[in-house]
Structure formats: structure tokens, C-alpha cells
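Q: So that we are looking at the same thing, I have put the structure below in C-alpha cells.
The values are calculated or read from the model by the stated rules, or taken from the named source; none is laboratory data. Note that the coordinates shown come from a computational prediction; the quantities given were computed from them, not determined experimentally. When we count neighbours, we look across all protein chains shown, and the Cβ atoms used for this are built from the backbone with ideal geometry, even at glycine. Quick note on the areas: whole protein, heavy atoms, side chains included, nothing else; ligands and nucleic acids left out. Shrake-Rupley method; radii C 1.70, N 1.55, O 1.52, S 1.80 Å.
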Amino acid sequence: MSVIKRLIAFVVTAGVTVLAGGAVALATTGDTGQPKPWQLGLQPGASPVMDDIMWFHDFLLWIIGAIALFVLGLLVIVIVRFNARANPTPSRTTHNTAIEIIWTVVPVVILVAIAVPSFRLLFYELNIPKADITVKATGKQWFWSYSYPDQKFEFDSLMLQDKDRKAGQPRLLAVDNDMVVPVNKVVRVLVTGADVIHSFSVPSFGIKIDAIPGRINETWFKAEKEGVFYGQCSQLCGRDHAFMPIAVHVVSEKDYTAWLAQAKKKYASTDDSAPAKTDVAAVESK
Ligand SMILES: [Cu+2]
């Protein structure tokens, strides 16, 4: 019996050590807004939704870890105590009511414990709070267009080619025209596709939603930090699927107002029904 106790103690200690190590690694994943080499865990969050997603992820990791270790412990016990040499005449027992009740009730309790925060998170993501600004993102082969319906302008956002990148702009992620939003404001994002299905995804904000032609999907985020946050089209959409990144530049309220004034001049179209200017040549020249 003491062998088993020692085994269980070892398994539990090893498990706690590994999980604690994982938690530390998760907490120290460095820069925001983009993935980094040797990154472990999720990209650091910059919105309340992503904070909750990360909490839920870590919560699940503990449960999964505990279950895996428990099953491993049982397997080790079986291997050590009930092999043919250690246990030459096996028991003929086939039923044990108490154990059968336990292995039915305990998984149900675990699933309910997971379901409650899971649904809470789902509703938090889906119930869009009163929006401060609205941006419509349209996925096109192969770039994004952002329109600010309240301001009546729209512009295209194309990936920067290597020759055009400035220092600090990440390869395959930086774009010519960032989507600009103010910090600490609820941004409602309307998402649609102009040709095929794309997907609008920004990991730091915890958002990923399909851009479907003929339909408008909506999601929201509230960026809590200033900076540039990158994402990518996350639905296979054709040849240049990998080259239509998303860059969201979160700025202060003051800078946002300044940007709006300048953007209105730069992108304004006198005719609302006119299609947005599309830089097809830049896409094709890749
Ligand atoms: Cu796409």
C-alpha cells in the first residue's frame, strides 16, 4: 500500500510542478500585439474578452492536467500491482455500485464546472455592449477594406511588401493603412466578405469571426492598451490567404480625433454609392 501512496504523491508533485512551470511561462510571454519566436501560450491579451479567454484557458489547463495525471496514476497502479507476476490469480469482480456511481457523477460535476464559465464567456463575447465607434471590415481577395460608417469614409489595407517595410514593422503582418481606433472605447466591428469567405481575427482582442459575402457578422472589442495589434485572415480564401494581415492601431482619444480629421480628407468619397478605390495593381504585383 505504501508503494501506491508514494506513487500517487510523486505523480501529484510532478503534476503540480509542471503546471506551475506552465503558468509562469504563460505569464511571461513578452510583447503584445504579435507572436514572437519561441512563444509559449497565448499572445498577451489587450481586451477584457481576451483576459477572460486566457483565464478560461488556464482554468481548463488545470482540469485537463489533473485528469491526465489521475488516469496516468491509475495506469501505473495497474501496471505495478496487477501484472501477471504480482497478481497471479485475478479477482473475478465485475461490478461495484459505489465506484460506478462515482465515475458517473464526478465527470458530470466536472463538465458542469466547465460549462458555467464557458457559457458566461460565450455570452460576454456575443452580447455587444453599446458601441462608441463602429468599423466595418470587408474581406477581399486579398486585402481588407475598413469603412467608418459614421464618418463616411473607407480605405483599403494591404500588406506591406518587404521593400516598403520600415524598422519595427513585422514581416507579413504590417500593412500600409492600419485600422485606427481609440483606446478604452467599445468598438463594434461589422464583418463581411466581398468575394469569398474570409475571417477577421485579432488574437490580442480575442476576436475571430467569419467574413461571409452577403451577410454581416458583428463582434466587438475594447482595447485597453495603446499600440499596434496584428491578426490575419483565418479562413482559407485563396492564393494570397496568407498575405492579407490585419493591423489595428490603438491610439489615445486625442490622436484618434486627429487621425479622423486627416483620414476624412485622405479617404473621403463625394459619392457614397461609389465603390471604394481598390489598389488591384499592388495586390497583383506581388
Ligand atoms: Cu482571406
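Q: Please tell me if residue 130 is charged (D, E, K, R) and either within 16 Å of the ligand (Cβ to nearest atom) or in a strand (DSSP E or B) (or both).
A: For residue 130, the condition - charged (D, E, K, R) and either within 16 Å of the ligand (Cβ to nearest atom) or in a strand (DSSP E or B) (or both) - is not met.
Q: Please name all residue pairs, on different chains or six or more residues apart, with Cβ atoms under 8 Å, provided the first residue is in region 205-228 and is free of Cβ contacts under 8 Å to residues at least 24 places away in the same chain and the second residue is of a type in the set (A, V, I, L, M).
A: Qualifying pairs under 8 Å: 209/189; 209/191; 212/197; 213/194; 213/196; 213/197.
For every residue, the table says whether it meets (1) surrounded by fewer than 10 Cβ atoms within 10 Å (Cβ to Cβ); (2) without any contact (Cβ under 8 Å) to a residue 40 or more places away in the chain; (3) in contact with an Asp or Glu (Cβ under 7 Å, 6 or more places away or on another chain).
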residue: 87; (1), (2), (3): no, yes, no
residue: 91; (1), (2), (3): yes, yes, no
residue: 114; (1), (2), (3): no, no, no
residue: 127; (1), (2), (3): yes, yes, no
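Q: Given the options 181, 187, 191, name the one that is farther than 18 Å from residue 216 by Cα, surrounded by 15 or more Cβ atoms within 10 Å (Cβ to Cβ) and in contact with a strand residue (DSSP E or B) (Cβ under 7 Å, 6 or more places away or on another chain).
A: Answer to the selection: 181.
Q: Scan region 220-267 residue by residue and report those that are β-branched (Val, Ile, Thr) and open to solvent by less than 20 Å² (accessible area, probe 1.4 Å).
A: Hits for region 220-267 are 246, 248, 250, 251.
Q: Test residue 130 against the criterion of being closer than 25 Å to residue 257 by Cβ and at pLDDT 95 or above, and give yes or no.
A: yes
Q: Further, regarding this structure: So residue 140 passes all but one of these: (1) among the charged types (D, E, K, R); (2) exposed (fewer than 11 other Cβ atoms within 10 Å of the Cβ); (3) within 16 Å of the ligand (Cβ to nearest atom). Which condition number does it fail?
A: Just one mismatch for residue 140, condition (2).
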